[in-house]
């Protein structure tokens, strides 16, 4: 009898050890992804325990993802179970992960999903992972860039885009999700989509049907250095979260940030984490275990502007701190992540649901790629949808709406209902015949160089813009620019308007280099923001590279991505507004100075 009680006691203790502890964060989880290379090292108990101590002493973790495969390394059963048991004992939730690459160093070499041998291996990896986990996630690379002979033959007369979309849909169903669920009916298979969403279709990522094939999606919010080869603007870390939430019926699990950009300063890393959190991500994934372990704190991460008392203080982050009864001296970037996410966690609970200017983005549509992120960086809150927005006072249409065969009738319906439509010059150039039923305008290959915006200010740079031409007295310029405009000989529309029925069609001129939007003077940006903010209680006045984040509970965040302080004002669309600082509870004047790489959050009435 005594022996039976002891056995029962041990069983209870073992069960309690496997139950995750109380969540370490209130409004989202904080997760860590472990690559197969590091999971494989976890067969060494000393390495596992020492590395986890380094990370966990600086960072509170709610969940960990153990990768089973990357670059043809398939972690064995015993190592997976050992690592899984270790983390469960720490009270950490555990899930799996897969990266379907042959060789990342070789231009991210992917599998050939028309090759029988590759297909068999892909299925084997999915089945292997499902045996160990009730949930696993596919890292960035469930696409194909292969153009081997077998692919060329299988493609036939289809475009590469259509072939790859068809192929990866089939592979998702028949090689990953189906086999995994046959092995483990309880398993949830989640796809993580990377940050280059406007080019997905060309390599087989299918945002139209993929979210329905998989049990959920995750979002790559890594924006790193905006000047890098992907040209990912800071605002994308927020915007892509909202877009994937809109296309996945609320099944967007969270956002995924890596250490890229940290060499620009600690703030560039902090901003990615913060934007992922305030986009209302349910989870913030830190990629990866090896980075949290090996990216050492470095004085070069400390930017000069941090002496001004900015939102994140490198000196405070790197100072020794108390954790329980122990004094911890931070050594790696894990400490930065912990401090930023703790601060964000306190704020996020006070925010409602994000809202923004509805932008119509058709699945797989080319044209003006990633433009909404540049618009977000000039203070226009963005919210992208795959269907034409209904019931809004203002709708934004870029060139990505051009392929809709019913575009003209949808625009007419919006205008007749008393709403406005803002189209970009990219859309006007793509489908002038569809716009002509509303207003006869032209925008082709003719260009103008401008730097003078008249009463709205001047740019420090020359800006190359497309020329918008119109019929005199049929439509009107709202903001114009020339070189010079004042006492000059010609000017061209920057914001143009045409009345139609009960609404107004606006044309927003987009420079050939989207980054030149940041060179538009504050006066011109203020008019553009006011024009496009009729759905909201307030809008931003001030220079570019300041973003506005709005929520449906009358809360707002403004964030400065400039290296210098900026003066801004929050202006009510229907009259004066009163602000209360969400973090201090103090009343705040709508006119304020934002420190470099800093934010302020308010409630308003």
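Remark: residue 471 falls outside the filter, which requires a residue to be in contact with a helix residue (DSSP H, G or I) (Cβ under 9 Å, 6 or more places away or on another chain) and either closer than 29 Å to residue 367 by Cβ or modelled with pLDDT of 95 or more (or both).
For residue 424, the stated conditions hold: it is under 21 Å from residue 548 (Cβ atoms) and surrounded by 16 or more Cβ atoms within 10 Å (Cβ to Cβ). When the test is whether a residue is at positive phi and not assigned by TED's automatic domain parsing to the domain that holds residue 548, residue 370 passes it. Considering 143, 136, 111, the condition of being at pLDDT 95 or above, closer than 24 Å to residue 253 by Cα, in a loop (DSSP other than H, G, I, E, B) and not assigned by TED's automatic domain parsing to the domain that holds residue 369 is satisfied by 143 alone. For the stretch 521-556, a residue qualifies if it is within 14 Å of residue 279 (Cα to Cα) and either crowded, with 22+ Cβ neighbours inside 10 Å or in the same structural domain as residue 459 (by TED's automatic domain parsing) (or both), and the qualifying residues are 547, 548, 549, 550, 556. Taking the stretch 310-338 as the range and being part of a loop (DSSP other than H, G, I, E, B) and either outside the structural domain of residue 272 (by TED's automatic domain parsing) or closer than 15 Å to residue 265 by Cα (or both) as the test, the residues that pass are 310, 311, 312, 313, 333.
Just so you know, in the stretch 496-514 the residues that are within 28 Å of the chain's Cα centre (by Cα) and without any contact (Cβ under 8 Å) to a residue 60 or more places away in the chain include one that is nearest to residue 527 (Cα to Cα), and it is 511. Checking each residue in the stretch 557-569 for being surrounded by fewer than 17 Cβ atoms within 10 Å (Cβ to Cβ) and over 8 Å from residue 595 (Cα atoms) picks out 563, 567, 569. Restricting attention to the stretch 405-437, the residues that are over 18 Å from residue 390 (Cβ atoms), part of a loop (DSSP other than H, G, I, E, B) and touching a strand residue (DSSP E or B) at 6+ places or on another chain (Cβ under 6 Å) add up to 0.
Taking the numbered list (1) over 25 Å from the mean Cα position of the chain (by Cα); (2) surrounded by 16 or more Cβ atoms within 10 Å (Cβ to Cβ); (3) modelled with pLDDT under 95 in turn, residue 366 passes all entries but (1). Figure legend. Inter-residue proximity from the stretch 24-42: first residues within 15 Å of residue 94 (Cα to Cα), second residues modelled with pLDDT under 95, beta-carbon distance below 8 Å, spacing 6+ or different chains. Indicated pairs: 29/23; 30/24.
Within the stretch 295-331, being over 18 Å from residue 343 (Cβ atoms), without any contact (Cβ under 8 Å) to a residue 40 or more places away in the chain and exposed (fewer than 15 other Cβ atoms within 10 Å of the Cβ) holds for 296, 298, 299, 300, 304, 307, 320, 324, 325, 327, 329.
The values are calculated or read from the model by the stated rules, or taken from the named source; none is laboratory data. This structure is a prediction, so every number in the text was calculated from the model and none was measured. Using ideal geometry, Cβ is built from the backbone for each residue, glycine included, and neighbour counts are taken over all protein chains shown.
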